[in-house]
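Structure first, then comments.
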Amino acid sequence: MRYPVILGIESSCDETAAAVVRNGREVLSNVISSQVPLHKVYGGVVPEIASRKHIENIDGVILQALADAKMSWDDIDAIAVTYGPGLVGALLVGVAEAKALAYALHKPLLGVHHMKGHIAANYITNAEWKPPFLCLVVSGGHTHLVMVEDYQHYKILGKTRDDAAGEAFDKVSRAIGLGYPGGPQIQKAAEKGNPQAIHFPRPCLEEEGYSFSFSGLKSAVLNYLNQQEMKAEAVDSADVAASFQAAVVEVLVTKTMQAAKDLGVSRVAVAGGVSANKPLREALQEACLQNHFDFCRPEFIFCTDNAAMIACAAYYEYKQGESADLSLNANPNLTL
């Protein structure tokens, strides 16, 4: 029996990625060209630079993915691409490339929601993992609690009212002089700090429901830094990083566990760039163990933006006979 082989393309932010995935879960290649060094000097992603770099990189990344998978174009059954949400210019590069390939090669075109891709990363890590389950999706642009009812149906239970968790990491990292990207920098600094040194607020913990808010927490850190400066007192950046990280992790884990209990689910997963944060992974795993929930988290390589997760998510659309036509366009504000 021959299993479907899908070429995935991802260009929603600052990673140009392509991957070849067989049968939805077997990753034959996964190529990622990161622009982090390019944007680091600016303290964050510059959309115009990201778009230009995607144009330069995308052909080479796709050809490398095919070569690594030892595949030819004839072996590919469908072309999948992220079409939203994300940076519009960056998305357009991937969408245009995918449409051109689908047209020239007479292959089905599959448009994939970026968040569905992140959730699907769990299927790659654990071949036995399948819906239904509760998933915490945490990244630079999203903080969502999603009930994954089946491969095609998702219900958003709650999301951030303002900053996403990853966005807060980036802003706080910049404020204490650690630079970009914020997540890895905060985690590294926090390893040398005391998570109880400074008490930062835990937004939304006292509220019912599953909403998040990290703008106030970010402001609390900035206020603390300003107060220390006005008092001419030194700032221990490691303590600030550890205390801030502890607050974020506590909010994310507490809200996720509450939702899991309220819904009576038996399985919980995490996804997105922030799911690479080691203290978050460990805290979620421990909480799930204590509450007798099965827990799944992607391998580190599949936490940040990649194309294997896009091809994996597209597989379930392909199985249903779904496809997009050549009118497919980038949608930076695409909702789940």
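The values are calculated or read from the model by the stated rules, or taken from the named source; none is laboratory data. What you are looking at is a predicted structure, and each value in this text was computed from that prediction instead of being measured. Using ideal geometry, Cβ is built from the backbone for each residue, glycine included, and neighbour counts are taken over all protein chains shown.
Couple of notes before you dig in:
- Residues of segment 1-36 satisfying the condition of being within 19 Å of the chain's Cα centre (by Cα) and without any contact (Cβ under 8 Å) to a residue 40 or more places away in the chain: 33, 34, 35
- Among (1) exposed (fewer than 14 other Cβ atoms within 10 Å of the Cβ); (2) out of contact with any Gly (no Cβ under 9 Å at 6 or more places or on another chain), the one test that residue 209 misses: (2)
- Filtered residue count, segment 159-179, keeping only those that are surrounded by fewer than 19 Cβ atoms within 10 Å (Cβ to Cβ) and either at positive phi or assigned to a loop (DSSP other than H, G, I, E, B) (or both): 4
- Pairs with Cβ under 8 Å, 6+ apart, first in segment 142-159 and more than 17 Å from residue 312 (Cβ to Cβ) and without any contact (Cβ under 8 Å) to a residue 12 or more places away in the chain, second aliphatic (A, V, I, L, M) and in a strand (DSSP E or B): 155/146; 155/147
- Any hit, segment 290-297, residues being at pLDDT 95 or above, out of contact with any strand residue (DSSP E or B) (no Cβ under 9 Å at 6 or more places or on another chain), surrounded by fewer than 21 Cβ atoms within 10 Å (Cβ to Cβ) and on the phi < 0 side of the Ramachandran plot: yes
- Single residue of 21, 46 found to be of a type in the set (Val, Ile, Thr) and out of contact with any His (no Cβ under 7 Å at 6 or more places or on another chain): 21
- Flag if residue 321 is farther than 16 Å from residue 19 by Cα, buried (at least 24 other Cβ atoms within 10 Å of the Cβ) and either free of Cβ contacts under 8 Å to residues at least 12 places away in the same chain or touching a strand residue (DSSP E or B) at 6+ places or on another chain (Cβ under 7 Å) (or both): no
- Residue identified as in contact with a strand residue (DSSP E or B) (Cβ under 8 Å, 6 or more places away or on another chain) and among the hydrophobic types (A, V, I, L, M, F, W, C) among 249, 253, 274: 274
- Condition broken by residue 90, with the remaining ones in (1) in a helix (DSSP H, G or I); (2) under 30 Å from residue 167 (Cβ atoms); (3) more than 18 Å from the chain's Cα centre (by Cα); (4) modelled with pLDDT of 95 or more satisfied: (3)
- Enumeration of residues in segment 57-76 that are among the polar types (S, T, N, Q) and either touching a residue at least 24 places away in the same chain (Cβ under 8 Å) or touching a Lys or Arg at 6+ places or on another chain (Cβ under 7 Å) (or both): 57, 64
- Residue 52 vs. criteria part of a loop (DSSP other than H, G, I, E, B) and not hydroxyl-bearing (Ser, Thr, Tyr): no
- Test for residue 232: is it out of contact with any Gly (no Cβ under 9 Å at 6 or more places or on another chain), at positive phi and either surrounded by 24 or more Cβ atoms within 10 Å (Cβ to Cβ) or hydrophobic (A, V, I, L, M, F, W, C) (or both): yes
- Residue 134 passes every criterion in (1) closer than 19 Å to residue 12 by Cα; (2) touching a residue at least 60 places away in the same chain (Cβ under 8 Å) apart from (1).
- Spans of helices (runs of 4 or more DSSP H) in segment 184-290 with at least 2 residues farther than 30 Å from residue 155 by Cβ: 215-230, 237-263
- Hey, residue 33 surrounded by fewer than 20 Cβ atoms within 10 Å (Cβ to Cβ), out of contact with any Lys or Arg (no Cβ under 7 Å at 6 or more places or on another chain) and under 17 Å from residue 273 (Cα atoms) or not: yes
- For segment 274-286, a residue qualifies if it is under 10 Å from the mean Cα position of the chain (by Cα) and surrounded by fewer than 24 Cβ atoms within 10 Å (Cβ to Cβ), and exactly one does: 276.
- Hits in segment 115-145 (condition: farther than 16 Å from residue 159 by Cα and surrounded by 24 or more Cβ atoms within 10 Å (Cβ to Cβ)): 117, 120, 121, 122, 123, 124
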